[in-house]
Amino acid sequence: MSTASPSSPAGNISGEDGSPLTTSAIVAQAVSGSHVVNVDGYSRTKGPGNGKYIESETFAIGGHRWRMRYYPDGEDSTDADGISIFLCCSDRTGANEVKAEFEISLLDQERQPVPSYSRPSSEIHTFSSKGPSWGFAQFIKRKDLEESRYLMDDSFSIRCDVTVSKEIFTEQVPPSVVVPPSDMHQHLGNLLLTGEAADVTFEVGAETFAAHRCVLAARSSVFKAELLGPMKEKAATLVQIDDMEPRVFRALLHFIYTDSLPAVDDGDGAAAMAQHLLVAADRYNLERLKLICEGRLCDHVCRGNVATTMALAEQHGCAALKKACFRFLTSPGNLKAVVASDGFEHLKSSCPSVLEELVAKLAP
């Protein structure tokens with residue numbers, strides 16, 4: 001009498017002899033997270049003395065609570081000419097020890113780590129509420145920071161990336177089909193570039209842009225009303241766009257077709273483009289694009305643009321951006337410089353209510 005052998009699960013890969021080939025894994029779990037500390041008014045933090053530190057607010061990563069310690073005059077006497085940065089565990093007393101590795105980085109004006117000042121831990125360290133803190137006694141020399149472009153308006157930022165080790169376990173790995181990521185955005189982007197089957201043309205300044213009514217209508221309720229609704233001019237294939245630069249409209253179309261923004265040069269040009277795109281996004285009811293621009297502008301607030309940015313935030317209902325501007329102006333040095341600028345006069349005339357709100361927030 002013959003016996004039946006168990007059938008292998010559908011989709012299993014077979015070995016060379018035809019037998020099912022199974023896979024298992026040993027998994028060392030880890031949870032990662034990041035925290036940014038902004039040091040505003042750096043010059044006023046200096047001078048507490050060697051070994052004296054200022055602690056950040058508590059932040060949670062991997063089920064544990066952490067703080068960063070900032071030593072303006074160095075942690076040890078051998079590091080008195082530098083800035084020390086350490087990470088410590090702030091779990092409640094009696095909590096279990098935690099193993100973690102970390103990297104502490106100085107951030108540039110685009111909120112990206114500066115490679116020459118990104119310090120990874122050399123090994124996995126053990127932390128506890130009563131144990132030592134770990135970090136870098138000579139993170140950066142004060143002279144190097146003060147002469148760098150990373151200290152701007154008496155402020156700089158540092159980021160701590162923490163990876164917390166979790167349990168180690170084994171598991172059976174089921175066979176799976178690898179599905180590639182969606183490339184729909186690439187196809188639609190190519191459709192915009194080639195202009196194939198385009199049925200409407202936009203004239204913006206001295207440039208023209210071919211596009212597709214159905215794509216624009218699907219992405220923007222304003223375009224839908226203008227191109228497909230009762231407002232449409234059925235015979236019109238050329239639409240004039242006023243009060244917008246060609247480069248801004250090009251970026252707007254790129255986002256509509258690909259759900260992403262084209263590369264923009266860093267610095268002031270990026271902030272200016274974000275301002276123009278925010279206005280365009282609000283005009284065409286593209287909420288996601290508006291939030292992307294608002295987030296970028298929050299990271300670009302400086303003395304040169306805070307007044308115009310605050311007016312923009314008020315006019316287009318950007319609460320987070322207005323809050324970022326208010327926070328920037330709480331520094332007396334920043335406020336004094338901005339009040340003396342031309343942008344402040346524009347803010348006074350265009351959004352007087354914002355000044356009243358600012359005065360109320362700064363009042364003792």
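A compact table of results
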item	result
Extension gain (nm, one decimal) between residue 362 and residue 103, 0.36 nm per residue minus Cα-Cα	89.6 nm
Set of aspartates and glutamates with alpha-carbon distance to residue 348 below 20 Å, sequence-local pairs under 8 removed	314, 356, 357
Highest-fluctuation residue, 282, 183, 154 considered, GNM on the chain with Cα pairs under 10 Å	183
The chain: most fluctuating residue of 113, 246, 174 per GNM, C-alpha cutoff 10 Å	174
Stretch gain in nm, segment residue 185-residue 320, where the contour uses 0.36 nm per residue and the Cα spacing is subtracted	45.7 nm
Approximate spin-label separation residue 250-residue 327, in nm, with each point projected 7 Å along Cα-to-Cβ	3.4 nm
GNM result for the chain, Cα springs below 10 Å: residue of 342, 73, 153 fluctuating most strongly	342
Reported label for calculated Rg and Dmax of the Cα atoms in Å given [x] 27.7, 99; [y] 19.6, 65; [z] 20.0, 77	[x]
The chain, accessible surface, carbon-and-sulfur percent (1.4 angstrom probe)	52 percent
For the range 294-364: span of alpha carbons on each principal axis (Å, largest first)	27, 25, 21
Vicinal HN-Hα couplings computed from phi for the range 331-340 (Karplus, 6.51 cos²θ - 1.76 cosθ + 1.60; Hz; Gly/Pro x)	6, x, x, 5, 4, 4, 5, 6, 4, 8
For the range 216-225, 3J(HN,Hα) per residue [Karplus equation, 6.51 cos²θ - 1.76 cosθ + 1.60, θ = phi - 60°, Hz, x = Gly/Pro]	4, 5, 5, 9, 9, 5, 6, 4, 4, 5
Spin-label pair residue 260/residue 146, simplified geometry with 7 Å Cα→Cβ offset, distance in nm	4.3 nm
Sites residue 221 and residue 346, calculated FRET efficiency, Cβ-Cβ separation with R0 22 Å, nearest 0.05	0.10
Whole-number accessible area per residue in Å² for the chain, which is evaluated in the context of all protein chains at 1.4 Å	57 Å²
Partners for residue 130 among lysines (Cα-Cα distance below 28 Å; same-chain residues under 8 apart left out)	46, 52, 99, 166
Linear extension gain, residue 38 paired with residue 285, 0.36 nm per residue minus alpha-carbon span	85.6 nm
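The values are calculated or read from the model by the stated rules, or taken from the named source; none is laboratory data. This is a predicted model, so every value here is computed, not measured. Positions of Cβ are generated from backbone atoms using ideal geometry, with glycine treated the same way; all protein chains shown enter the neighbour counts. For the accessible areas, the whole protein counts, side chains as well, though only heavy atoms, and no ligand, DNA or RNA atoms are used. Shrake-Rupley method; radii C 1.70, N 1.55, O 1.52, S 1.80 Å.
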